[in-house]
Structures are given as C-alpha cells and as structure tokens.
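Scroll down for the structure; my scribbles are underneath it.
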Amino acid sequence: MKHSEFVAEIQLKYIPTDIKRRDLGSIRKSAEAYDFLYPLYDQDTIGLTEVFIVVFLNRASRVIGYHIHSIGGITGTVVDIKLIVATALKCACSSILISHNHPSGNLEPSKNDKLQTNQLIKALEVFNLELLDHIIVSPEKGEYYSFTDDWLCRPLPHS
C-alpha cells in the first residue's frame, strides 16, 4: 500500500479484566466525581499548571477509565473536543466527566470554560453520549465547582 492510503487513527486497547479486581468505582454525584478526580492531579503542580482530565463511564455510571487530556500553563490548557469525542467513541462509553484545575484557586468558571462545556455537550449529543459534569478543582483540598450542581439551579448558559 502507498502511504496515501493510510489514515491516522486514535488507538485504544481493550484488555478485559476481572471487574472485582480492578474496580474504579462509580460516579453519580459531584462529590463522588471530586473524590475520584482530586488524587489524579499532581499535588506538586496543581497550584502551578492547568490540567484537563476526561473520565469515561458505562451505562451504570461505573468508571471505564480516564485520560489526562492535556497539561498546560498557569492560565490555561488545550481542550480538543474532537479528540475527546473520538476517544469516547473508541472506548464505547455511555457518558463522560471532565475536569480541570484552576491554579489560582478561583473556582468561578471562565467564559471559555462555559463555552467549551456547551460545545462538548452539543458534540456528544450527536452520538447519544452524555456529559455528566464538569468539575473545576482548586489546589486547596475539598474545594471544587460542579457545573451540574450549579446548572440544576439555573438554565444552561448559551454560547
């Protein structure tokens, strides 16, 4: 085959395991999401650089796996919606959870945080996938912001 006949693709490897031996738990509430996510952040740099994490879940809200999507700088990191959706489809999940930290400790979502969340919701809907929540984590243990908890009290912001 000629090189022009090859198409690059995202590759994931499915390795069945004994679920009882490798149980990552389930996530149904923002507090459970935070408890799962916080230890994934490098405690030496959580107050220095932004990190974006994606968690993939099955229909029973059990964690299939997670991916450190990007590591950025002090004020931001790259969020590639196409790559998030492509990975979600490849791992055959039913829903995802996203999270990033604010090194400053300010938990108020930025305009860009809201825009990217809405764009991801729309992109996932095309494939009947759900965004369960977007959790913003503070370097201070126990402090976080949940888009779902906040949006339950008011309508989703429009982009």
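Determine whether ALA123 is farther than 24 Å from ILE46 by Cβ, at pLDDT 95 or above and not in a strand (DSSP E or B). I'd like the intermediate steps shown before the answer.
On the way: farther than 24 Å from ILE46 by Cβ: yes; at pLDDT 95 or above: yes; not in a strand (DSSP E or B): yes.
Yes: the conditions hold for ALA123.
Restricting attention to segment 6-38, the residues that are within 14 Å of the chain's Cα centre (by Cα) and either at pLDDT below 95 or exposed (fewer than 10 other Cβ atoms within 10 Å of the Cβ) (or both) add up to 0.
Taking the conditions exactly as written (of a type in the set (Val, Ile, Thr) and modelled with pLDDT of 95 or more), does VAL85 satisfy them or not? Lay out the reasoning, then the answer.
On the way: of a type in the set (Val, Ile, Thr): yes; modelled with pLDDT of 95 or more: yes.
Here the answer is yes, as VAL85 does meet what is asked.
Of all residues in segment 131-159, those being at pLDDT 95 or above and over 24 Å from TYR41 (Cβ atoms) number 0. Residue count for segment 83-117, restricted to those that are buried (at least 16 other Cβ atoms within 10 Å of the Cβ) and in a helix (DSSP H, G or I): 8.
The values are calculated or read from the model by the stated rules, or taken from the named source; none is laboratory data. Remember, predicted model here, so these are calculated numbers, not experimental data. FYI the Cβ positions are ideal-geometry reconstructions off the backbone, even for glycines, and counts take in every protein chain you see.
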